[in-house]
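Below is one structure, written out as structure tokens, with a few remarks after it.
The values are calculated or read from the model by the stated rules, or taken from the named source; none is laboratory data. Note that this is a predicted model, so its numbers are computed, not measured. Backbone-built Cβ (ideal geometry, glycine too); neighbour counts: all protein chains shown.
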Amino acid sequence: MLFREIIGLDDVKQSLIQAVNNNHVAHAQLFHGAEGSANLALALAYATYINCEDRQINDACGKCPNCTKMSKLAHPDVNYIFPTAGGKSVISENFMPQWRTFVHDTPYGKLSDWLEHIGIKQGNIPAEESRQLIQKLSLKSYEGGYKIAIIWQAEMLNIAAGNALLKILEEPPEQTLFLLVASSSDRLLTTIISRTQRIAIRNFTDEEIIAYLTQKHEIGPDRAKQIAYLSNGNLNHALEIAHKTDDDQHAWFANWMRMCYALNVLKLVPMADDFDAKGKEYQKAMLEYGLSIFREIFLYRHGGTDLIRLEGDELVFVQKFSSVLNINNLEAITKLLSDSHYHIERNGRAKMIFLDISLTIARLMR
């Protein structure tokens, strides 16, 4: 990944480039940005620039041996850590072929995309990852430059893994650089955050998303403008809209709400089994999707139609379903989904949570 391959964000790019050129590279940096931001892409471009043998004023050369290795995610001095199923035998290095494909195809992808890509329901970064990383970083650099550790979704470090990294983060070996990439930095250990230099990555602007869609995906300017508005700064979501990969999610959610409204328990019970069989990230994503839909219903009910970021079946659903909701049950349902998301995150039994949500929503609608 090169800086020029990332649309916009010129201020962040220049800040990173100047840090390298002025020899002010902090040994531990936290690239924090919301889902669909350029947090991972910028960390990769930054690592490429640091390793480049022929740095240009505004970017890496992209041609030297180090740049070639970085483009293939195969540089021997760069270690990648990301969520897997966990355990001593199931760690990041076992998934490098899948990781290379994922980053190449979806550099702005989210955690649930990655877990689906490798076919697991729930991921984490176990303590064994930290132990092996510390061991690797204790060795000499192959190329004589920086040894770099890129930790994607660093908030998925479990407590043992996070604690194992604290000492090396505070007193790293010479010429060692940690790049932590996170979408929810509030879930990171405060002791880790205190040892890193934070780099806030803003969402993409509509103009940047339009430029990306028209230049990289040959989408017409009118459609690109519409997608940019709907995606609300999330480039990954913009691509999902462009390629219509979210249809199944909406169909499932809309059917769920209809069964709640009809209080069809015979359908809700098997739906709960289906929900329970999904991975945790899918379950959380569905609840987050529900929160976003109810936000749009709230706007529609209160005359904010110009602010609604939906189209097609989703927009029709909001328009029709708003008639059975009011300010009181909207607020209660929103709190219910938010609380359920909290319990799913903390490993509550998904089937019981889903049935409780469904029956409570049915009661509130009535």
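Yes/no per residue for (1) in a helix (DSSP H, G or I); (2) at positive phi; (3) in contact with a strand residue (DSSP E or B) (Cβ under 9 Å, 6 or more places away or on another chain); (4) of a type outside the set (A, V, I, L, M):
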| residue | (1), (2), (3), (4) |
| --- | --- |
| Ile50 | yes, no, yes, no |
| Asn58 | no, no, no, yes |
| Thr68 | yes, no, no, yes |
| Tyr80 | no, no, yes, yes |
| Val90 | no, no, yes, no |
| Gln98 | yes, no, no, yes |
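Answer yes or no: is there a residue in segment 44-54 that is more than 22 Å from the chain's Cα centre (by Cα) and of a type in the set (Phe, Trp, Tyr).
Yes, because at least one residue in segment 44-54 is more than 22 Å from the chain's Cα centre (by Cα) and of a type in the set (Phe, Trp, Tyr).
Which of the residues belonging to segment 179-238 are among the basic types (Lys, Arg), without any contact (Cβ under 8 Å) to a residue 60 or more places away in the chain and in the same structural domain as Ala26 (by TED's automatic domain parsing)?
The answer is Arg187, and nothing else.
When you go through (1) in contact (Cβ under 8 Å) with a residue 60 or more places away in the chain; (2) in a loop (DSSP other than H, G, I, E, B); (3) aliphatic (A, V, I, L, M); (4) surrounded by 20 or more Cβ atoms within 10 Å (Cβ to Cβ) one by one for Leu42, which number turns out not to apply?
Failing condition for Leu42: (2).
Where in segment 266-366 are the helices (runs of 4 or more DSSP H), entirely inside, with at least 2 residues that are closer than 30 Å to Thr84 by Cβ?
280-301, 327-345, 350-365
Identify the residue in segment 186-203 that is surrounded by 20 or more Cβ atoms within 10 Å (Cβ to Cβ) and outside any loop (DSSP other than H, G, I, E, B) and, among all such residues, is farthest from the chain's Cα centre (by Cα).
Looking at residues that are surrounded by 20 or more Cβ atoms within 10 Å (Cβ to Cβ) and outside any loop (DSSP other than H, G, I, E, B), I get Ile192.
With the requirement that a residue be in a helix (DSSP H, G or I), acidic (Asp, Glu) and surrounded by fewer than 19 Cβ atoms within 10 Å (Cβ to Cβ), what does segment 114-160 give you?
Correct list: Glu116, Glu128.
Counting only residues that are buried (at least 19 other Cβ atoms within 10 Å of the Cβ) and of a type in the set (Phe, Trp, Tyr), which one in segment 254-281 is farthest from Gln226 (Cα to Cα)?
Step by step, filter segment 254-281, then rank; the result is Phe275.
Conditions first: (1) assigned to a helix (DSSP H, G or I); (2) loosely packed, with under 15 Cβ neighbours inside 10 Å. Ala74 passes all but one, so which condition is the exception?
Of everything listed in (1) assigned to a helix (DSSP H, G or I); (2) loosely packed, with under 15 Cβ neighbours inside 10 Å, Ala74 misses just condition (1).
Would you call Leu299 touching a Phe, Trp or Tyr at 6+ places or on another chain (Cβ under 6 Å), within 30 Å of Asn203 (Cα to Cα) and not assigned by TED's automatic domain parsing to the domain that holds Asn124?
Taking the combined requirement at face value, the residue does not satisfy it.
On the basis of being closer than 30 Å to Leu337 by Cβ, part of a helix (DSSP H, G or I) and of a type in the set (Asp, Glu), does Asp222 make the cut?
The answer is no for Asp222.
Hey, Gly86 hits all of (1) under 30 Å from Ala160 (Cβ atoms); (2) at pLDDT 95 or above but one; which does it fall short on?
Gly86 satisfies all of (1) under 30 Å from Ala160 (Cβ atoms); (2) at pLDDT 95 or above except (2).
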